[in-house]
Amino acid sequence: MNIFRLTGDLSHLVAIIILLQKIWHTRSCAGISGKSQILFAIVYTTRYLDLVTSYVSMYNTVMKFVFLATSYATIYLIYMKFKATYDHNHDTFRIEFLILPSFGLAMLINHEFSFMEVLWTFSIYLESVAILPQLFMVSKTGEAESITSHYLFALGSYRALYILNWIYRYATETHYDLIAIVAGVVQTILYCDFFYLYITKVLKGKKLQLPA
């Protein structure tokens, strides 16, 4: 544990809280991609199977349970409780085009060809592109509510902080995981255009608009 990983985890947690608060308080999931949330649920489910096989720390266990529970809670709110507000007409990204290549890549490039390791690697690859349906939806509608923008910024910050975490660990422990690093860099790059628009518009009180 170091300051970059801790703040990264907190940023991730803040993103989830922002999202759930937005849906619950407005009683609407407008502007939220249910498909991205499904992908995140798959990511956490396949990554945290080790909850039943190993114990690292109380912090580690609690955070994994929180991410799993909030992920499925978000899906419930979008597709069940507030499904009438879900904008399925704009949430049209074909997620199988992300799931299948991620799984195929995990089968080919992994640290060890075992059930748990392949699923962990699959979760890393899939997480790097899981936000694409949300970004695609924002691009398709041409704009995003400020609260949705805050959620995306916090989520992107989590990945950027994890890159600093890997740099710090390499400098202090000579430890690195090339698969996680490359996937994390790819994910952060996907957020770059959004980061720029967020800083130049949303923080100045303007509505975020992306080219369709």
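The values are calculated or read from the model by the stated rules, or taken from the named source; none is laboratory data. As the structure is a prediction and not an experimental result, all values here were calculated from the model. Don't worry about glycine lacking a Cβ; one is built from the backbone with ideal geometry, like all the others, and counts go over all protein chains shown. Each accessible area value is taken on the protein alone, full model and side chains, heavy atoms only, with ligands, DNA and RNA left out. Shrake-Rupley method; radii C 1.70, N 1.55, O 1.52, S 1.80 Å.
Select from the stretch 53-94 the residues that are outside any helix (DSSP H, G or I), farther than 19 Å from Gln21 by Cβ and touching a helix residue (DSSP H, G or I) at 6+ places or on another chain (Cβ under 6 Å) and list them in ascending order. Scanning the stretch 53-94 gives His90, Asp91, Phe93.
Please count how many residues of the stretch 53-67 are under 22 Å from Ile38 (Cα atoms) and either open to solvent by 100 Å² or more (accessible area, probe 1.4 Å) or of a type in the set (Lys, Arg) (or both).
Here the count works out to 2.
Criterion applied to Ile147, Ile131 was being among the aliphatic types (A, V, I, L, M), surrounded by fewer than 21 Cβ atoms within 10 Å (Cβ to Cβ), closer than 22 Å to Val14 by Cβ and modelled with pLDDT under 95, and the one residue passing it is Ile147. One residue stands out among those in the stretch 2-11 that are in a helix (DSSP H, G or I) and out of contact with any Leu (no Cβ under 7 Å at 6 or more places or on another chain): the one that is surrounded by the fewest Cβ atoms within 10 Å (Cβ to Cβ), which is Ile3. Restricting the stretch 15-52 to residues that are part of a loop (DSSP other than H, G, I, E, B) and either in contact with a Gly (Cβ under 7 Å, 6 or more places away or on another chain) or not polar (S, T, N, Q) (or both), the residue that is surrounded by the fewest Cβ atoms within 10 Å (Cβ to Cβ) is Arg27.
If we keep just the residues of the stretch 186-200 that are surrounded by fewer than 16 Cβ atoms within 10 Å (Cβ to Cβ) and not polar (S, T, N, Q), which is modelled with the highest pLDDT?
Within the stretch 186-200, the first condition is being surrounded by fewer than 16 Cβ atoms within 10 Å (Cβ to Cβ), and the residues that meet it are 186, 189, 192-193, 195-196, 199-200.
So of that shortlist, the ones also not polar (S, T, N, Q) come out as 186, 189, 192-193, 195-196, 199.
On the way: Val186: 88, Ile189: 85, Cys192: 77, Asp193: 70, Phe195: 72, Tyr196: 65, Ile199: 66.
Of everything passing the filter in the stretch 186-200, Val186 is modelled with the highest pLDDT.
Looking only at residues of the stretch 73-84 that are surrounded by 13 or more Cβ atoms within 10 Å (Cβ to Cβ) and farther than 12 Å from Trp24 by Cβ, we find that the one that is farthest from the chain's Cα centre (by Cα) is Lys83.
Can you confirm whether the stretch 100-114 contains a residue that is part of a helix (DSSP H, G or I) and in contact (Cβ under 8 Å) with a residue 60 or more places away in the chain? Before you say what the answer is, go through the steps one by one.
So the first thing to find is which residues in the stretch 100-114 are part of a helix (DSSP H, G or I), and the list is 100-108.
Now restrict to residues that are in contact (Cβ under 8 Å) with a residue 60 or more places away in the chain: none.
No: the stretch 100-114 contains no residue that is part of a helix (DSSP H, G or I) and in contact (Cβ under 8 Å) with a residue 60 or more places away in the chain.
Return only the number of the condition from (1) modelled with pLDDT under 90; (2) among the charged types (D, E, K, R); (3) over 13 Å from the mean Cα position of the chain (by Cα) that Glu117 does not satisfy. Result: Glu117 fails condition (1) only.
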